[in-house]
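Only one structure is covered here, and it is reproduced in the block below.
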Amino acid sequence: MTTNSSPLCVGIIGGGIFGVATAWHLARAGAEIVLLNDGPLANGASCRSIAWLNSANRRSQEYHTLRLLGMDRWRSFRSHRPETHGFLRFDGGLRWKSLIDGATLEETLHYEQGIGYDSEWVDSDEISRRVAGVDPKSVNNGHAIFNAGEGWVDLPSVIGLMAKEILALGGKIVEDAGKSEIETASGRVTAVRTAGGERFSVDAALLATGPSVPEAVRDLGMPMGDDSPVSLLILTKPVASGLRAVLNTPRAAVRPAVNNCLAIDSGWVERAMVIHEDGSFEYSDDDVQTLLSEAEKLIRGNPKLEIDSIGVGRKPIPGGGEPVVGALDGIDGYYVAFSHSGATLGLILPELLAREILGGEPSSLFETFRPGRYAA
C-alpha cells in the first residue's frame, strides 16, 4: 500500500508507444516507474507501423471519438515541442482506396462527410496543386479523397524523446529484460520480474506488449480476442520525393519518414505472408520488389526506390478490431493496453490510462473497450 508520503510505484512491461507513453505520463505525475522491455525500446510493432494519424473508415462512435481526441493530443504535443516537427507532421492524407468493406470511394466520402470528418473529393488537377510529390497519373479514375487534417508520426523518435524524460524524472528502464512477467498474490499485483529473475516490487502494473497481450491474459484464465496478423513495413533509403501527405492506394500505402526516407506497406503483402504451424513466418522477395515498384508509380517523377530496412512481425489487432484497455477484473492493480491504431491513440490512451492507474475516476471513454467485454 502507498501513503501520502510514498508515491505509487508502477511496473510497465512493453517498450512500445503505449508502454512508454503511459510511463511518461505517470512519471510526470510523480509516480515511481520501472519499465521492462524484451530488447531495445521501440523494437516491436511501434517500429513497423505506417503510423498514419487518422480516423477514416467506418467504426463505432466511441472509437471514432477516441481517435479524434488522439489526433488532437498529437497536435498539442507538437505545438510546444519544436524538436518534433521533423517526425510529427499534419500535411494531410490522400486516398483512392475505400477503407470500408464493399463500399465505393464515393460511398466512403459520403459516409465520412456525414459524420463530420474532414473529407474532400479532389481531382487530378487539385492533387497536382495541393498534394506535393504525388504523380497524378497514378490516381485511379482521376479522383481521390483528401483529408487535410491527417498526418503521420515516427513512433521510435517519440519513444526516444519520452524515455529521456522518464529517466530524467528518476524512472528506471530495463532493456533486454527478456520475456518479463507481472507477479500477483492474493488477488493483487505485487511485482514485475525480468526473464533473468530480477524482481521489482510495485503497487500496480501495465502489460503493453502488443500482440502478446491476449496470450498472457488467457493464461490468467481470462478470455481476450486476438486478430493480429503478420505485417511488413519497408523503409527506403533517402530519396528526393517531395512527398508530404500520407498515401493510401489499392496497391501501396506510402508516407514520408525521417531523413527524407519513405515508409511503405500494403494489405495485399500482409495477406500473402506465409505463416507456419510453429508461428514463424516468411515473405516473398518478389512481393517486396512488387510493392516497391507500386510505390514508385505513386511518386512524381517515379524515382527509383531502394530498401534500407524491412520490418516484419505481428500487428496488434484485438478481436473485434477495437481497443482493449483498462484494469483486469479480479486482480487489483493489473492493467492492459492492446490496440490497433497505436500511432493515432499513442498519446490519448496512455494519458487516460495513467489517470486511472493513479486512482482517478475511470474514464467513460473506455467504457466499451474494457477487457471484461470478452467474458460477457
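The values are calculated or read from the model by the stated rules, or taken from the named source; none is laboratory data. Quick caveat, the model's predicted, so the values are computed rather than measured. Cβ coordinates were reconstructed from backbone atoms using ideal geometry, including for glycine residues, and neighbour counts include every protein chain displayed.
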So which of GLY44, GLY39, GLY86, GLY93 ends up being over 14 Å from the mean Cα position of the chain (by Cα) and surrounded by 22 or more Cβ atoms within 10 Å (Cβ to Cβ)? GLY93
Output the number of the condition that TYR63 fails; it satisfies all remaining conditions of (1) assigned to a helix (DSSP H, G or I); (2) without any contact (Cβ under 8 Å) to a residue 40 or more places away in the chain. (2)
Search region 89-108 for residues that are in the same structural domain as ARG244 (by TED's automatic domain parsing) and on the phi < 0 side of the Ramachandran plot and pair each with any residue that is part of a helix (DSSP H, G or I) and buried (at least 18 other Cβ atoms within 10 Å of the Cβ) when their beta-carbon atoms are under 6 Å apart and the residues are at least 6 apart or on different chains. SER98/LEU105; SER98/THR108; ILE100/THR108
Output yes when any residue across region 323-336 is out of contact with any helix residue (DSSP H, G or I) (no Cβ under 9 Å at 6 or more places or on another chain), within 22 Å of GLU215 (Cα to Cα) and part of a loop (DSSP other than H, G, I, E, B), and no when none is. yes
Keeping to region 12-36, report how many residues are within 21 Å of the chain's Cα centre (by Cα) and not in a helix (DSSP H, G or I). 7
Restricting to region 66-107, what's the tally of residues that are assigned to a helix (DSSP H, G or I) and either more than 21 Å from SER266 (Cα to Cα) or among the charged types (D, E, K, R) (or both)? 19
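The rows are residues; the columns are (1) crowded, with 20+ Cβ neighbours inside 10 Å; (2) free of Cβ contacts under 8 Å to residues at least 24 places away in the same chain.
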site: GLU277; (1), (2): no, yes
site: LEU292; (1), (2): no, no
site: VAL324; (1), (2): yes, no
site: ASP332; (1), (2): no, no
site: PHE338; (1), (2): yes, no
site: ILE348; (1), (2): yes, no
site: ILE357; (1), (2): yes, no
site: GLY372; (1), (2): no, no
Restricting to region 360-370, what's the tally of residues that are exposed (fewer than 15 other Cβ atoms within 10 Å of the Cβ) and free of Cβ contacts under 8 Å to residues at least 12 places away in the same chain? 3
Would you pick out the residues in region 337-368 that are over 29 Å from ALA257 (Cα atoms), in a loop (DSSP other than H, G, I, E, B) and among the hydroxyl-bearing types (Ser, Thr, Tyr)? SER363
Answer yes or no: is there a residue in region 300-313 that is of a type in the set (A, V, I, L, M), within 29 Å of LEU232 (Cα to Cα), in contact with a helix residue (DSSP H, G or I) (Cβ under 9 Å, 6 or more places away or on another chain) and crowded, with 21+ Cβ neighbours inside 10 Å. yes
Mind counting the residues in region 115-165 that are polar (S, T, N, Q) and closer than 30 Å to THR22 by Cα? 2
Where in region 148-235 are there strands (runs of 3 or more DSSP E), lying wholly inside it, with at least 1 residues that are closer than 29 Å to LEU53 by Cα and under 15 Å from the mean Cα position of the chain (by Cα)? 151-153
